[in-house]
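First the structure, in the form of structure tokens, and then the observations on it.
The values are calculated or read from the model by the stated rules, or taken from the named source; none is laboratory data. The model shown is predicted, which means the values in this text are computed figures rather than measured ones. A quick note on method: Cβ atoms are made from the backbone with ideal geometry, for glycine too, and the neighbour counts reach across all protein chains shown. Note: accessible area is taken over every heavy atom of the protein model, side chains too, but ligands, DNA and RNA are not part of it. Shrake-Rupley method; radii C 1.70, N 1.55, O 1.52, S 1.80 Å.
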Amino acid sequence: FAIDTESCNLNVFRDGAFLMLQVYDGEKAYAFNRAVLHDIRVQPLVAQFLGHNYARFYLWNTKYDRQVLWHEFNISLEDRDLDGMVLSMVITEKGKQCGLKYRSRQDLNAPFYEEELDVWLDQTGINYSHIRPDVLAEYGCKDVYYTHKDVPLLVKRVREEGTLPLIQNILMPAQRTLA
């Protein structure tokens, strides 16, 4: 699965910051808002899904999303995740070339889909709570779709370069610890 979170700011420990969780299962993307995920009937399902020993997850910037998942649901992904941003960093040290939007355009010919958010965002600061929920859900689903498609391509590239052990043994454990 590819998963991603959307928040209204970067302070995951501020109550109400978390807005949405997106999931892509290889065929279809889903977006779940905070109210649905915190419904007492849904919480056990979220915990079962994210905590399942056999579930593996692709993320982009796992350090941030792990913090959100821990703060919102008290869930740790343990060592069941792979970070597309870390894979991208091993390919290039240029920070702007490690982002999901850049990589998905380079590797998958993705459109500039984040531009759809510009009309909703305050120019003095990004606050995703200003974005209409259906627009944010579509944007988030595109994020998990491109993450799911790009991570395997990046794994192949770092494997060919011989740097996959660096990611598995040093960088991913560091990301998990920093989270």
Go through 59, 153, 108, 45 for me and flag whichever is within 22 Å of residue 7 (Cβ to Cβ) and in contact with a helix residue (DSSP H, G or I) (Cβ under 7 Å, 6 or more places away or on another chain).
59
In the stretch 6-53, the residues that are surrounded by 14 or more Cβ atoms within 10 Å (Cβ to Cβ) and of a type in the set (Lys, Arg)
34
What number of residues within the stretch 54-67 are open to solvent by less than 20 Å² (accessible area, probe 1.4 Å) and either farther than 21 Å from residue 165 by Cα or not polar (S, T, N, Q) (or both)?
4
For the stretch 68-91, does any single residue satisfy the condition of being in contact (Cβ under 8 Å) with a residue 40 or more places away in the chain, more than 16 Å from the chain's Cα centre (by Cα) and surrounded by 14 or more Cβ atoms within 10 Å (Cβ to Cβ)?
yes
Restricted to the stretch 96-113, and to residues that are hydrophobic (A, V, I, L, M, F, W, C) and not in a helix (DSSP H, G or I), which residue is nearest to residue 130 (Cα to Cα)?
112
Is it true that some residue in the stretch 114-129 is modelled with pLDDT of 90 or more and either in a loop (DSSP other than H, G, I, E, B) or in contact with a Leu (Cβ under 9 Å, 6 or more places away or on another chain) (or both)?
no
With the first residue restricted to the stretch 164-177 and required to be over 20 Å from residue 69 (Cα atoms), and the second required to be surrounded by 13 or more Cβ atoms within 10 Å (Cβ to Cβ) and at pLDDT below 90, Cβ contacts under 7 Å at 6 or more apart or on different chains are 166/90; 167/90
Please tell me if residue 105 is of a type in the set (Lys, Arg), out of contact with any Lys or Arg (no Cβ under 6 Å at 6 or more places or on another chain) and either free of Cβ contacts under 8 Å to residues at least 60 places away in the same chain or exposed (fewer than 15 other Cβ atoms within 10 Å of the Cβ) (or both).
yes
Which residues, taken from the stretch 1-33, are of a type outside the set (A, V, I, L, M), touching a strand residue (DSSP E or B) at 6+ places or on another chain (Cβ under 7 Å) and in contact (Cβ under 8 Å) with a residue 24 or more places away in the chain?
1, 4, 5, 6, 7, 8, 18, 22, 24, 30, 33
How many residues does the stretch 133-153 hold that are among the β-branched types (Val, Ile, Thr) and open to solvent by 10 Å² or more (accessible area, probe 1.4 Å)?
1
